[in-house]
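We did not get these values from a lab; they are worked out from the coordinates using the rules stated. Predicted model only: the values in this text are computed from it and were never measured. Here the Cβ is made from the backbone with ideal geometry for all residues, glycine too, and neighbour counts use every protein chain on show.
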Amino acid sequence: MKRHLISAADLTRDDAVMVLDTAEELARLADRPIKKLPTLRGRTVVNLFFEDSTRTRISFELAAKRLSADVINFSAKGSSVSKGESLKDTALTLEAMGADAVVIRHHDSGAPHRLATSGWIGGSVVNAGDGTHEHPTQALLDAFTLRRRLGGGAGRDLDGRHVTIVGDILHSRVARSGVHLLSTLGARVTVVAPPTLVPVGIASWPCELSYDLDQVLPKSDAVMMLRVQRERMNAAYFPTEREYARRYGLDGQRMARMPEHAVVLHPGPMNRGMEITADVADSPRCTAVEQVANGVSIRMAVLYLLLGGAEPAVSDPALQTATPTRTEESK
Ligand code: NCD
């Protein structure tokens, strides 16, 4: 794997499968009374969040803590960023304090790439969502969830599975990363959106495009519903919320058109009544809560693979005395 994780396109099929398999191994820890490994003891992970987040920030924090790293949570609100400090000066400060990894969420597309290529910091950079661009760990946790739910399991990928991604493709970093990663893993991907919410250049994405949700549903093994990203819209992209929900929302009746084994994904936060109705969100076919749990295992795997080393993340079978890989003694 490369030193940084900026884009889903950074991952080869082998890299992606390695992250998924490592996460599968680490997920077993979640069932144990003591969920912590000493693997990243003595290393520092900084969560640098310039944009609001619930799931992703907590997930990275928990992942780093479960690997025994020291974690610093930095949010732009209440920091010197609100006094006008630049990304560069913030990065230099973190570097001076010895950050081994910086997990960054930023409202500007490209900010994590800038951080990784600027030379301001020496550690690894992990993109936790940049503007409308990419969200690679979300794509990995979605793939992990699909692999588990659709029966692939460890060591398998998503060959031949049909995943449909529905909604605000234009503003969605989840969609962009998802399309790339899922197709890298062998899935066939269709995106469905109103014409106004389809990005220019979609023709170069490895997916098909449809405007007709009802027609695609019966052929889908999984349907990922996206939130309409109002905070990124400066114009009206559809007439009314009701109209949007009627054409592109998933309700119980529509869900019944999906094959029996098919599942519904949502990255959260959900707008119940808009892209998804409450009965679908709360149905056993919806994986939203599982996705959150799986996100911790995926982020543990990513931090471990970027910071840890080549040895197994967990020394089986005991899962008790975990392998301390590149701790301060072994570096
Ligand atoms: C997504 C995000 O922030 O891009 N959420 C998440 O990371 N769980 C999707 C969204 O905000 O709609």
The size of the Cβ-based charge dipole (Lys, Arg +1; Asp, Glu -1) of the chain about the Cα centre, to the nearest 20 debye, is 280
Phi angles of region 40-56, converted by Karplus (6.51 cos²θ - 1.76 cosθ + 1.60, θ = phi - 60°) into ³J(HN,Hα) in whole Hz with x for Gly and Pro, give 10, 4, x, 9, 10, 10, 9, 8, 9, 10, 9, 9, 4, 6, 10, 4, 5
Rounded to whole angstrom, the alpha-carbon centroid of region 286-303 lies from that of region 77-149 at a distance of 18
Out of Val166, Pro199, Gly186 - ranked by how far each Cα lies towards the positive end of the dipole of region 136-290, with unit charges on the beta-carbon of charged residues - the top one is Gly186
Burial-style ranking of 62-69, 136-143, average other-beta-carbon count within 10 Å with highest first, yields 136-143, 62-69
Rounded to whole angstroms and listed largest first, the alpha-carbon spread of region 136-290 along its three principal axes comes to 45, 35, 26
Projecting the Cα atoms of Leu141, Met1, Thr12 onto the charge dipole of the chain, where Lys and Arg contribute +1 and Asp and Glu -1 at Cβ, the residue farthest towards the positive end is Leu141
The ratio Rg/Rh over the Cα atoms of the chain, Rh being the Kirkwood inverse mean 1/r radius, stands at 0.97
Once both label points are put 7 Å beyond Cα along the C-beta direction, the Asp214-Glu95 separation in nm becomes 5.7
Label model pair Asp52, Asp31: point-to-point distance (7 angstrom along the Cα→beta-carbon line) in nm is 3.7
Counting sequence-distant residues (5 or more places) and residues on other chains, those with an amide H built under 5 Å from that of Ala128 are Ile104, Arg105
Over region 27-144, the quotient of the Cα radius of gyration and 2.2 N^0.38 Å is 1.07
Of all DSSP beta bridges having both residues in the chain, the percent classed as antiparallel (nearest 5) is 5
Within the chain, excluding any GluC sites (Glu not before Pro) found in a DSSP loop (not H, G, I, E or B) and having at most 10 other Cβ atoms within 10 Å, the longest uninterrupted segment runs 1-259
Amide H contacts under 5 Å for Thr190, restricted to residues at least 5 apart in sequence or on another chain and with H modeled in the peptide plane, are Val163, Thr164, Ile165, Glu208
